[in-house]
Amino acid sequence: MEKGFTVFPLDMDGLVDVAVVGCGYWGPNLIRNLVESKTCRKIICCDNNNEQLSKVSKRYPNLFYTTDFEEILADGSINAVLIATPVATHFGLAKKALQAGKHTFVEKPFTTSVEEGVELMELANSLGLTLMVGHTFEYSPPVLKIKELISAQELGTVYYISSTRVNLGLHQRDVSVIWDLAPHDLSMLLFWLEETPTRVFAMGKAFVQKGIPDVGFISLEFPGGVIAHVQVSWLSPSKLRRTTIVGSGKMLMYDDTEHIEKVKIFDKGVDFKEPQSFGEFQLSYRSGDIVSPKLDSYEPLRAEVDHFLACVLTGESPRTDAKSGLRVVSVLEAVERSIRNGSSVECVAHDVIA
Ligand SMILES: NC(=O)c1ccc[n+]([C@@H]2O[C@H](COP(=O)([O-])OP(=O)(O)OC[C@H]3O[C@@H](n4cnc5c(N)ncnc54)[C@H](O)[C@@H]3O)[C@@H](O)[C@H]2O)c1
């Protein structure tokens, strides 16, 4: 497993009692990984929709089930709560979980506003509890490899990053495609560049459901000079998960739909030669080897869940902590303002996330 973050500490035999709230599309993936992690003694699954619970209970008959979130709060044996419900409910559920003394994991996007996120972060800090956000891609082998390559200057100076995350559906009823899909790309960009953009502008349109944009084009500028573009859509003929990173030395393509060779590094570029005489203008294009680095092979969600449990057991701060969740939400808020104001250039609120 990739180094750089703590997974289950080998020198501890501690076990955690956990609850997963929200057993719709994503919650069962958390449950599967918690079951497989063998770090949990007791797992309670909670959903206010009985049908969802009965589907999960058929698959995992030995877990505990409830439709009542208050039961979890009142259960003193539960150390940690993982929230995989729609984003509008994240703040209310996480606040109650923290107030009940539970370490808390919240799926992406962290909250619907920076204000809510700050309140949760301050609450967790004041109570000494772990608060982690589900930025799953930051635990994924190709994303970690890219981070390593950028940090080692393997691509030279990064010029720009362009990302496409499109497919047909699944249309959400409560959030736009920007709040649904863009958190993945934004968390990766912020992780790779170790910066939050200063300015963004965006265009988004609702074609299928009135008032809920299903296509979004987001442009970002980072303090170090990198520019980036993120395209998200639920309205596209085929599934694309592709990121291109262009640097002064090399270029990289990351295709998450590939089974092997997800990352390819192209020794391609263009060099500008200083003119020796007036009127001389020379560019030389390079085209060398294409290399696909070896990647570790494990499920990112498993690494993420193990890291959360390890943080609960050790008190270590999660890599994707509340601040990292807040950075993404602050960009999403700026993107939304831009769309509302006819693609205005918006600043990202840096004061709350410094
Ligand atoms: N990390 C990832 O890669 C990833 C992938 C998909 C979804 N997600 C995130 O997971 C969360 C859930 O998404 P989903 O697609 O599973 O949604 P979903 O609508 O399929 O499931 C949500 C479930 O939560 C339940 N629920 C709602 N309010 C509740 C409450 N107060 N108490 C108990 N149960 C409640 C609903 O009945 C439903 O079963 C979202 O935040 C989403 O962005 C993350």
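See the values below:
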quantity	calculated
Test set (1) among the aliphatic types (A, V, I, L, M); (2) farther than 16 Å from Val158 by Cα; (3) surrounded by fewer than 19 Cβ atoms within 10 Å (Cβ to Cβ) - Ile227 fails condition number	(2)
Test for Val270: is it closer than 22 Å to Leu149 by Cα and at pLDDT 95 or above	no
Criterion violated by His135 - all others in (1) within 14 Å of the ligand (Cβ to nearest atom); (2) surrounded by fewer than 21 Cβ atoms within 10 Å (Cβ to Cβ); (3) closer than 16 Å to Leu186 by Cα; (4) not acidic (Asp, Glu) satisfied	(2)
Residue check for Leu252: crowded, with 19+ Cβ neighbours inside 10 Å, modelled with pLDDT under 95 and either in contact with a strand residue (DSSP E or B) (Cβ under 7 Å, 6 or more places away or on another chain) or not in a loop (DSSP other than H, G, I, E, B) (or both)	no
Check on Leu190, aliphatic (A, V, I, L, M) and within 12 Å of Val331 (Cβ to Cβ)	yes
Subset of the stretch 140-194 (residues that are part of a helix (DSSP H, G or I) and over 24 Å from Gly249 (Cβ atoms))	Val177, Ile178, Trp179, Asp180, Leu181, Ala182, Pro183, His184, Leu186, Ser187
Which listed residue, of Glu258, Glu194, is closer than 21 Å to Lys108 by Cα, without any contact (Cβ under 8 Å) to a residue 12 or more places away in the chain and of a type in the set (Asp, Glu)	Glu194
Strands (runs of 3 or more DSSP E) wholly inside the stretch 30-109 that include at least 1 residues being hydroxyl-bearing (Ser, Thr, Tyr) and within 15 Å of the ligand (Cβ to nearest atom)	64-66, 103-107
First in the stretch 164-181 and within 16 Å of Gly24 (Cα to Cα), second anywhere and surrounded by 17 or more Cβ atoms within 10 Å (Cβ to Cβ) and among the small types (Gly, Ala, Ser), Cβ under 9 Å, 6 or more apart	none
Extreme residue, farthest from the ligand (Cβ to nearest atom), among residues of the stretch 16-29 that are more than 14 Å from Tyr60 (Cβ to Cβ) and touching a Lys or Arg at 6+ places or on another chain (Cβ under 9 Å)	Val16
Residue among Pro183, Pro213 that alone is of a type outside the set (S, T, N, Q), surrounded by 21 or more Cβ atoms within 10 Å (Cβ to Cβ) and in contact with a Gly (Cβ under 6 Å, 6 or more places away or on another chain)	Pro213
Scan of the stretch 273-302 for residues that are closer than 15 Å to Leu144 by Cβ, more than 16 Å from the ligand (Cβ to nearest atom) and either in a strand (DSSP E or B) or touching an Asp or Glu at 6+ places or on another chain (Cβ under 8 Å) (or both), ordered by number	Asp296
Complete set of residues in the stretch 291-308 that are surrounded by fewer than 17 Cβ atoms within 10 Å (Cβ to Cβ) and of a type in the set (Val, Ile, Thr)	Val291
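The values are calculated or read from the model by the stated rules, or taken from the named source; none is laboratory data. The shown structure was predicted, so the numbers you read here are calculated from the model rather than taken from an experiment. Backbone-built Cβ (ideal geometry, glycine too); neighbour counts: all protein chains shown.
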